[in-house]
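Encoded as structure tokens, the structure appears first; notes follow it.
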Amino acid sequence: MKLKKVLASTLAAATVLSSAVLVNAEETITLTLWGAEEDQTLLGELVEEFKAAYPDVTFDIQIGVESESTAKDTILTDVEAAADVYSFASDQIYDLVNAGALIDLDEYAEALTMAGKTLDDVKAANVAGSIEAATVDGKLYAFPRAADNGYFLYYDSSVLSEEDVASWDSLLAAAEAAGKKVGMTLASGWYNASFFYGAGFTTDLNEDGTTAIDWNGTSADGYTGVDVVKGMLSIASSPAFMAIADGDISNQLAAGGLCAAVSGTWDSITAQEAFGDGYAATKLPTFTVGDAQVQQGSVAGYKFVGVNGYAENAGWAVLLADFITNETSQQKFFDQRESGPSNNNIIDSDAVKENVAIAALAEQAEFGKTQKVGGKYWDPAQTFGELIAQGTLKADDDAGIQAALDTLVEGVTAPIE
């Protein structure tokens, strides 16, 4: 591993922090920062503000595009070549920690004194759930940036009524009648898990890092995995349904053919532009499982900013990660991107409470689950979702559906190599 450097206050003649290597005060501090495409402009502004906060230091900070949803896959391809500071979804933290792609922030807590705070201040400033999710084996590995990493239903109220969006059956019927479509990503274990979670199925993380999953059996609520899949196939086979690739919801909303879409707060601005005066949002619909209507679940999570375990200037990377997640920056993410904050003070503001997208997220929160899975979960879950999206599985083929579920579970629960 490259030697980690922690630079002390250049305003105090570059005093060296513990476990650090002296860096000449005249040396240019080079850092790379990755964030979502839609956040690039704001990240650029925040980087300039960060530089201004340390006027006696010369920085070279390069910003790159990497979605929080795909950060883990890109980073684990080559951890050493990945960004020093990057955003990622909370469900990726276990794999990133295991790969050495995140530093233990307790080891670099002293760097925060340059920002006039402690690690305890960071923990106290954010909702407890975000800190818990950022903690692995008692150690904090990331700074919470948002508490909005969940999804719900955006819809055009000039096309769809509140009654229409209550169930997938009525939603798709109304969309078809209007010549519009309803979009959702199915080829993703983050999204397609929502149907199984809603029906009482589970996933969990074992001590050895493998995943426990029961989708090929019968849930605690008495539903079979086969019946859940039949409900999903009924939705996917509707002429009014559009299966959208992961990360492409925004483009499809902007294209104008959708009257509703399952997504999160990151698409709020695009949804407002697409639906205009009809812009609305609510919890996810119910869907048919056997003879019952079951409330669709969801994944409730957070967005984090972490520091790569191979970061050369780790101390400065910690300060940058803290800066773009502090209260002022989270306020800007809310103001400009309508991102749901994890900061306690901002959450309590009237502006947040009155926000359409965040209110819908809060409504769905009752049915959200914290998704605990290992690295072997994602590829089989994506492949399984593709089978549904592409219509490869047939609703009248119970044996075929069961076989696909068994294959899914076998792949997800495979031992770590």
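Annotations
- Being under 16 Å from the mean Cα position of the chain (by Cα), open to solvent by 40 Å² or more (accessible area, probe 1.4 Å) and not basic (Lys, Arg) is a property that Glu207 lacks.
- Considering (1) among the acidic types (Asp, Glu); (2) over 24 Å from Gly198 (Cβ atoms); (3) not in a loop (DSSP other than H, G, I, E, B), the lone condition that Glu312 does not fulfil carries the number (3).
- Flag for Val136 being at pLDDT below 95 and under 28 Å from the mean Cα position of the chain (by Cα): yes
- Restricting attention to the range 30-40 and to residues that are outside any strand (DSSP E or B) and touching a residue at least 40 places away in the same chain (Cβ under 8 Å), the residue that is surrounded by the fewest Cβ atoms within 10 Å (Cβ to Cβ) turns out to be Glu38.
- Neighbours by Cβ (under 6 Å, 6+ apart or cross-chain): first from the range 69-89, without any contact (Cβ under 8 Å) to a residue 60 or more places away in the chain; second assigned to a strand (DSSP E or B) and of a type outside the set (Asp, Glu): Ala71/Tyr86; Ala71/Phe88
- Any hit, the range 133-141, residues being free of Cβ contacts under 8 Å to residues at least 12 places away in the same chain and either open to solvent by less than 30 Å² (accessible area, probe 1.4 Å) or part of a loop (DSSP other than H, G, I, E, B) (or both): yes
- Residue that is open to solvent by 50 Å² or more (accessible area, probe 1.4 Å) and either over 17 Å from Gln382 (Cα atoms) or aliphatic (A, V, I, L, M) (or both), where the choices are Ala240, Ala236, Ala261, Ala245: Ala245
- Test: residue in the range 178-185 that is of a type in the set (Val, Ile, Thr), touching a residue at least 24 places away in the same chain (Cβ under 8 Å) and open to solvent by 20 Å² or more (accessible area, probe 1.4 Å): no
- When Asp78, Asp104, Asp120 are checked against the criterion of being more than 24 Å from the chain's Cα centre (by Cα), open to solvent by 10 Å² or more (accessible area, probe 1.4 Å) and either within 19 Å of Asp39 (Cα to Cα) or at pLDDT 95 or above (or both), a single residue qualifies: Asp120.
- Test: residue in the range 330-347 that is without any contact (Cβ under 8 Å) to a residue 40 or more places away in the chain and open to solvent by less than 10 Å² (accessible area, probe 1.4 Å): yes
- Of the helices (runs of 4 or more DSSP H) lying entirely inside the range 317-356, those containing at least 3 residues that are modelled with pLDDT of 95 or more are 327-337.
- Filter pass, Ala125 being at pLDDT 95 or above, buried (at least 17 other Cβ atoms within 10 Å of the Cβ) and closer than 26 Å to Ala300 by Cβ: yes
Here's the yes/no breakdown for (1) at pLDDT 95 or above; (2) in contact with a helix residue (DSSP H, G or I) (Cβ under 7 Å, 6 or more places away or on another chain); (3) open to solvent by less than 20 Å² (accessible area, probe 1.4 Å); (4) acidic (Asp, Glu):
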{"site": "Glu49", "(1), (2), (3), (4)": "yes, no, no, yes"}
{"site": "Thr58", "(1), (2), (3), (4)": "yes, no, no, no"}
{"site": "Glu68", "(1), (2), (3), (4)": "no, no, yes, yes"}
{"site": "Ala83", "(1), (2), (3), (4)": "yes, no, yes, no"}
{"site": "Asp95", "(1), (2), (3), (4)": "no, yes, no, yes"}
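- The residues on offer are Tyr191, Tyr223, Tyr197, and the sole one that is in contact with a Lys or Arg (Cβ under 6 Å, 6 or more places away or on another chain) and either open to solvent by 50 Å² or more (accessible area, probe 1.4 Å) or touching a residue at least 12 places away in the same chain (Cβ under 8 Å) (or both) is Tyr197.
The values are calculated or read from the model by the stated rules, or taken from the named source; none is laboratory data. Source: prediction; values computed, not measured. All Cβ positions, glycine included, derive from the backbone under ideal geometry; neighbour counts span all protein chains shown. In case anyone asks, the SASA skips ligands and DNA or RNA and just uses the protein heavy atoms, side chains included. Shrake-Rupley method; radii C 1.70, N 1.55, O 1.52, S 1.80 Å.
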